[in-house]
Amino acid sequence: MKPKKAPIETQKQKELFRIELERIVDRHHPLVRLSRVVDWNHLEEVFGATYHPEVGRPGISTRLMVSLHYLKYAYNLSDEAVVEGWVENPYWQYLSGMKYFEHDFPIDPSSMVRWRVRIGEAGAEELLKQTIESGLKIKAIKKHQLKRANVDTTVQEKAIRYPTDAALYDRAREKLVKAAEAREIKLRQSYRRKSKEKLFWQSRYRHARQMKRAKRCVKALRTYLGRVIRDIERKEPNPDRELRELLEISRRIYEQERSDKNKVYSIHAPEVACIAKGKAHKKYEFGCKVSVAVTSKGGWFIGAKAFHGNPYDGHTLREALKQIDKLSPVKLEHVFVDKGYRGHNYDEEEIEVHVDKHRRGRTPRSLWKWMKHRAAIEPSIGHLKHGHRMERNRLKGEEGDKINAVLSAAGMNFIKLLRYLGATFLRYFHGWIFRLLFSFHSSQRPILLSQMG
């Protein structure tokens, strides 16, 4: 059924023994002020379309789920941590639409997983769009800032362990053995003890730089995996879907060579790609490529889109600009990119794409200033990774990669809105104190002068 309304809208009658949040919170707090700016009715209308009008129990309040996701990505928290912090923080509860202070968990953390699956990438983009519109309402974002944007790509790493041939062979064999036991398939041999021993000695030999011995251990682990695969295929000619997919991934791991493309680097995340970005401290990264768009002035995120299969940077520009056009209320006019976008696939005349270069040449000075400011996107990407959950993505599948990228950008914008509101309150407070002191001194000044005379 449709989600429930927020308690602040439904509980009209006051309770005698419960404390209202309006009596606890400071009405000038950034979270309280931002809660009045966000268009909750629009979000309820958009996400309410994903629910059946009559079948099932009533869904969880849309405002609660939206608030929890904003807080999760703004403060870099897990699902469990954001629910635990919600119980202790009255401002978080007020943002979520609660009328009274609650002492129990609002939901089970697993409900956040199911809600993300329900809304998908389109729903995450709606949350990012709402942060942009809220910024325009409070004038944190100026309309002219949305006309110029810097676009760049980065790698969103997946939460997997570093892939090695030995570890992949052992992990695939282990998964197959467990799946066979769950289906009561009696294997000729599981190779648990032998595989554990070979994996141990392989790491010891590599540490001691005894590569021939290490290679023999890797070869043995590969042999064990092949035997288990063939044993299951003989004894289960018609496997179910889950076992069939596991067998396909295991066979890909068994057959792949060093020079192959589209290799498997993880059992539970076969969509992971190996991406080299030319970093001195990290030669390879395992995940997906993400195109991010940041306003040239202000550093507001107006786009974040995940791409799988390690595409060329220039070939991601068209889709990235389509997303910006969908999310931003102001038409984009200029895009600034680095040299990795030479030969891009965007050939329309609506938006002018400026590729970075060494020397100014005939480029006007006014335009050259914006082109050199393109590098400002790099620290924004760094904040996105280290403070808003893009450094190590824990959401499942390709859809999880797309959702996490967009929500990370939404969390970054959300925290920038809070800082802007906090700074404006301090400026207002300091200005009020200054005016009070000035009026006091101006009223006392003639008296003091007359006393001195």
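Which Cα, out of Trp86, Ser203, Ser250, lies furthest along the positive dipole direction of the chain (beta carbon charges, K/R +1, D/E -1)?
Projecting each Cα onto the dipole axis, the largest value belongs to Ser203.
Over the range 214-312, what percent of the accessible surface lies on carbon and sulfur atoms, probe 1.4 Å?
47 percent
In Å², and per residue, what accessible area does the range 131-261 have when probed at 1.4 Å with the other protein chains present?
Computed with neighbouring chains in place, this is 63 Å² per residue.
Find the centroid of the Cα atoms in the range 11-76 and in the range 375-389, then give the distance between the two in whole Å.
28 Å
Could you give the angle, 0 to 90 degrees to the nearest 10, between helix 79-88's Cα long axis and the longest principal axis of the Cα atoms of the chain?
Between the helix axis and the principal axis of the chain, the angle is about 30 degrees.
Work out how far the C-alpha atoms of the range 226-313 reach from end to end along every principal axis, then list the three figures in whole Å, largest first.
Here the spans come out as 64, 29, 19 Å, largest first.
Val113 label point, 7 Å along Cα→Cβ, cut-off 13 Å on backbone N: hits in the range 44-82?
79-80
What does the accessible area of Thr153 come to, in Å² to the nearest 10, when a probe of 1.4 Å is used?
Using a 1.4 Å probe on the heavy atoms, I get roughly 10 Å².
Once Lys and Arg get +1 and Asp and Glu get -1 on their Cβ, which of Gly298, Tyr284, Ser259 lies farthest toward the positive end of the dipole of the range 250-317?
Positive-most Cα among the choices belongs to Gly298.
Accessible area per residue for the range 304-407 in Å², computed with a 1.4 Å probe and the full protein assembly in place, what is it?
I get 54 Å² per residue for the range 304-407.
Within 10 Å of each candidate Cβ there may be at most 15 other Cβ atoms; applying that plus a DSSP loop requirement, which GluC sites (Glu not before Pro) in the range 283-368 survive?
Glu333, Glu348, Glu349, Glu350
Got a sec? Charge dipole of the chain, +1 on Cβ for Lys and Arg, -1 for Asp and Glu; which of Leu367, Met65, Ala49 is way out at the positive end?
Leu367
Do any trypsin sites (Lys or Arg not before Pro) in the range 27-60 lie in a loop, going by DSSP, with at most 12 other beta-carbon atoms within 10 Å of their beta carbon, and if so which?
Sites meeting the loop and neighbour criteria: Arg27, Arg36.
Divide by every residue of the chain the summed helix terms, -39500 (n - 2.57) for each DSSP H run of at least 4, and state the resulting mean residue ellipticity at 222 nm, rounded to the nearest 500 deg cm²/dmol.
Computed ellipticity for the chain at 222 nm equals -17000 deg cm²/dmol.
On the protein heavy atoms, probe 1.4 angstrom, tell me the percent of accessible surface of the range 59-134 carried by carbon and sulfur.
That share works out to 49 percent.
Only sites in a loop by DSSP and with at most 15 other Cβ atoms within 10 Å count here; which trypsin sites (Lys or Arg not before Pro) in the range 286-344 make the cut?
Those that pass, being in a loop and sparsely packed, are Lys331, Arg342.
So what is the accessible area of the range 62-121 per residue, in Å², with the probe set to 1.4 Å?
Value for the range 62-121: 37 Å² per residue.
Hey, got the dipole for the range 118-185? About the Cα centre, +1 on K and R Cβ, -1 on D and E Cβ, debye to the nearest 20?
For the range 118-185, the charge dipole is close to 580 debye.
Among the lysines, which fall within straight-line cross-link reach of Lys279, defined as a Cα-Cα distance under 26 Å, with same-chain neighbours fewer than 8 residues apart omitted?
Lys158, Lys261, Lys263, Lys289, Lys305, Lys339, Lys357, Lys372, Lys385, Lys402
Of all DSSP beta bridges located in the chain, what percent are antiparallel, nearest 5?
The answer is about 65 percent antiparallel.
When each pair of different Cα atoms in the chain is counted once in the 1/r mean, what is the Kirkwood radius in angstroms, to one decimal?
For the chain, inverting the mean 1/r across all distinct Cα pairs yields 25.9 Å.
Three principal axis extents, largest first, for the C-alpha atoms of the range 24-154, in Å?
45, 37, 30
Taking the Cα centre of the range 339-410 as the origin, how large is its charge dipole in debye, to the nearest 20, when only Lys and Arg (+1) and Asp and Glu (-1) carry charge on their Cβ atoms?
My answer is approximately 640 debye.
Can you tell me the dipole magnitude for the chain around its Cα centre, using point charges on the Cβ only (Lys, Arg +1; Asp, Glu -1), in Debye to the nearest 20?
The calculation lands at about 2220 debye.
The values are calculated or read from the model by the stated rules, or taken from the named source; none is laboratory data. Keep in mind the model is a prediction, meaning the values are calculated, not measured. Cβ: placed from backbone, ideal geometry, glycine included. Neighbour counts: every protein chain shown. Side chains are part of the model used for accessible areas, which takes the heavy atoms of the whole protein and leaves out ligands, DNA and RNA. Shrake-Rupley method; radii C 1.70, N 1.55, O 1.52, S 1.80 Å.
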